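Okay, so here's the structure we're looking at.
None of the figures in this text is laboratory data; all of them are computed from the coordinates on show. What you see is a predicted model; the values in this text were computed from it and never measured. When we count neighbours, we look across all protein chains shown, and the Cβ atoms used for this are built from the backbone with ideal geometry, even at glycine.
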Amino acid sequence: MKVTEVKHPLIQHKLGLMREAEISTKRFRELASEVAALLTYEATADFETETVTIEGWNGPIQVNKIKGKKVTVVPILRAGLGMMDGVLEHIPSAKVSVVGIYRDEETLEPVPYFEKLVSNIDERIAMVVDPMLATGGSMIATLDLLKKRGCKHIKVLVLVAAPEGIKALEEAHPDIEMYTASVDECLNDKGYILPGLGDAGDKIFGTK
Ligand code: PRP
Ligand code: URA
């Protein structure tokens, strides 16, 4: 599995702001989307382009356009919705496939509860978004599901990843690429990432 920790100063700065304990819902939500947009820029750097001829203001000219496969953004409910608009900012024509999975707070096991995927998902690059990769259970279950539906080309974007989650994801899905703003230190005994962001879903939705 290819893991890219994106060290761009804008990403590091914005992620630092997100770690502030007293951050407002509004600010956390804005920053989640901004960092997602910057991760998207990085994650799409290998998209192939092709030369096409168009009618320019002074006659025909050659320009580059993105070639081939189209994208589906896959937010993992709930918290993944907080990154969706950031991805769509750069890929506005992407279709959205939604997967609902929550983590049982006692067992930390992923519990799937919703799935609405685009019909031709097997022909698309899936960009899966979730702010937190903790034990990796939710992401692994999502990728299991996407592959079962025929998905072959998957990129994962997370704001913060724990080493434990990366290891588990690597074992389960060695063929995918992951982009993150930070590989943090570890999980605590409740499965929260340290230093982490706290409960990302609650912070994005203003619950709790
Ligand atoms: C959080 C987070 C991930 C998951 C990560 O979601 O957004 O989906 O936990 O943990 P894992 O790697 O150990 O599976 P949560 O279950 O809190 O649901 P929410 O998005 O509805 O808040
Ligand atoms: N889910 C979160 O929202 N935060 C964590 O640190 C771990 C799982």
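In plain terms, the chain is cut at each of the GluC sites (Glu not before Pro) found in a DSSP loop with at most 11 other Cβ atoms within 10 Å, and the longest leftover piece is 107-208.
Of all DSSP bridge pairs formed entirely within the chain, close to 35 percent run antiparallel.
Helix 137-148 and the long axis of the chain differ in direction by around 40°, with both axes built from C-alpha atoms.
Rounded if a/c is under 1.5, else prolate if a/b beats b/c, else oblate: with a ≥ b ≥ c from the C-alpha gyration tensor eigenvalues square-rooted, which is the stretch 1-132? Show your work: numbers first, answer last.
Details: a/c = 2.48, a/b = 1.52, b/c = 1.63.
It comes out oblate by the Cα gyration axes.
Give me the number: length gained by fully extending Asn58 to Arg27, i.e. 0.36 nm times residue separation minus the C-alpha to C-alpha distance, one decimal in nm. List each step's numbers first, then the result.
Details: separation 31, 0.36 × 31 = 11.16 nm, distance 4.52 nm.
Difference between extended and current length: 6.6 nm.
If I take R0 = 25 Å and measure r between the Cβ atoms of Lys95 and Lys7 in this structure, what FRET efficiency does the formula 1/(1 + (r/R0)^6) give, to the nearest 0.05?
On the way: r = 31 Å, r/R0 = 1.23.
Here the calculated transfer efficiency is 0.25.
Sequentially through the stretch 63-76, phi angles give Karplus couplings (6.51, -1.76, 1.60; θ = phi - 60°) of 10, 9, 9, 5, 9, x, 4, 9, 10, 10, 8, 10, x, 8 Hz, Gly and Pro residues having no value and appearing as x. Computed per residue of the chain from DSSP H runs no shorter than four, each worth -39500 (n - 2.57), the mean residue ellipticity at 222 nm is -10000 deg cm²/dmol.
One Cα centroid belongs to the stretch 30-109, the other to the stretch 120-170; the line between them spans 14 Å.
Amide H contacts of Val128 (H built 1.01 Å from N, in plane; Pro and chain starts excluded): Val74, Lys155, Val156, Leu157 sit under 5 Å, all sequence-distant by 5 or more or on other chains. A DSSP coil position with no more than 15 other Cβ atoms inside 10 Å describes the following chymotrypsin sites (Phe, Trp or Tyr not before Pro) in the stretch 19-65: Phe47, Trp57.
Over 32 Å apart at the Cα level, from the set Lys26/Lys116; Lys65/Lys167; Lys26/Lys69; Lys70/Lys190; Lys26/Lys65, are Lys65/Lys167; Lys26/Lys69; Lys70/Lys190; Lys26/Lys65.
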